[in-house]
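> Please see the structure below; I have some questions.
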Amino acid sequence: MNNQTSEEKINNSSLLLGIAALTVTSILGGTSYSIAKKIMEYFSPSELMTYRLFLGTLTLIVIRPSALGELNSAKFRLALPSAAALSLSMLFLWQGVKYSDTGLSAFLANSEFLLIPILSYLFFKQKTSLKTGSLVALGLLGMGFLCLERGFNISFGTIFLLASATCFACYALINTNLTRKIKPYELTLLNLSISTVFCAVAGIFQGFSFNFAPSTILPLLFLGPVMMGIRFYFITFGQSKVRASHAGLIYLCEPVTASLIGCFFLGETFSNFQIVGIFILIATVIGSFVIAKEESYKSRFE
């Protein structure tokens, strides 16, 4: 009995660490929309992502150089689909952000919380519980309120952002399964380094301006080493501890953060509907914490 209790404590601590990692990284992710949008006048989307991914990769190597020696061709092949989905998600995201306001960008880009359960069932035959499905519906309601007055006009930006969400949902599902075969740090390093190459190739077609104005240096140092390197390691770590469907709900912290920053720093205003939407999304995230712990506990005894 004592051994079982100790194991349960370890599992609970591991799950809580995963939830904490995903929550903090999602909140941080919401800050990147406003910062990146301000410096996009200097760089094309693919150029910006190439710099961010390269700096993120370099940061991981500097922090732990020994990780390079643990990589091999087999791990590279396993990580290739995940990295491809991630790089496409980022390229589509920042192409779409150019044509959308901060809140709408976050809404469309984070619609993966709805796509993950669908794709999880289609490709992995993993069914979503009624409680998790109810939270997905609640999250969709909150998103609707948050963006109700911003409109849903179909444009190139809309298409890019929806494509980004689909690619990120694929990345989340593939990555979650890969964490059983590759350690999170190694997997993050593979994802970022491969994505750097993909984005650099795309950048060749869009052109590199190398327009490093003084005002872009600090944002790049934040968006690269912190937001890509350190943050994506913790995302991968969180994905190794939390089910993809629950992680998708926790990602809803991101549009809430993006909208709040848009309001306080970019002069965007909230209507009563949008305030209600924010509270609904916060309630959804809190509910995901409870259900993640409950369903994780049940799965150990099924």
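The values are calculated or read from the model by the stated rules, or taken from the named source; none is laboratory data. Quick caveat, the model's predicted, so the values are computed rather than measured. Reconstructed Cβ throughout: ideal geometry from the backbone, glycine too, with neighbour counts over all protein chains shown.
> How many of the residues in the range 216-259 are more than 17 Å from SER32 (Cα to Cα), in a helix (DSSP H, G or I) and among the small types (Gly, Ala, Ser)?
Of the residues in the range 216-259, 5 are more than 17 Å from SER32 (Cα to Cα), in a helix (DSSP H, G or I) and among the small types (Gly, Ala, Ser).
> Also, I was wondering about something else. Could you say whether any residue in the range 259-274 is surrounded by fewer than 19 Cβ atoms within 10 Å (Cβ to Cβ) and touching a Leu at 6+ places or on another chain (Cβ under 7 Å)?
Yes, the range 259-274 has at least one match.
> Okay, next question. Any idea which of (1) closer than 23 Å to ALA292 by Cβ; (2) free of Cβ contacts under 8 Å to residues at least 12 places away in the same chain; (3) aromatic (Phe, Trp, Tyr) is the one PHE237 doesn't satisfy?
PHE237 satisfies every listed condition except (2).
> Something else now. Take PRO225 and tell me if it is in contact (Cβ under 8 Å) with a residue 60 or more places away in the chain, buried (at least 16 other Cβ atoms within 10 Å of the Cβ) and either among the acidic types (Asp, Glu) or farther than 30 Å from LYS125 by Cα (or both).
The answer is yes for PRO225.
> Just give me the residues in the range 260-269 being of a type outside the set (A, V, I, L, M) and in a helix (DSSP H, G or I), in sequence order.
If the condition is that a residue be of a type outside the set (A, V, I, L, M) and in a helix (DSSP H, G or I), then GLY262, CYS263, PHE264, PHE265 are the ones that fit.
> Looking at the range 192-207, is at least one residue of a type outside the set (A, V, I, L, M), within 22 Å of ALA21 (Cβ to Cβ), modelled with pLDDT of 90 or more and surrounded by 14 or more Cβ atoms within 10 Å (Cβ to Cβ)?
yes
Each row is one residue, and each column tells you yes or no for (1) over 18 Å from PHE168 (Cβ atoms); (2) at pLDDT 85 or above.
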residue: PHE107; (1), (2): no, no
residue: SER111; (1), (2): no, no
residue: LEU115; (1), (2): no, yes
residue: LEU119; (1), (2): no, yes
residue: VAL136; (1), (2): no, yes
residue: LEU140; (1), (2): no, yes
residue: LEU146; (1), (2): yes, no
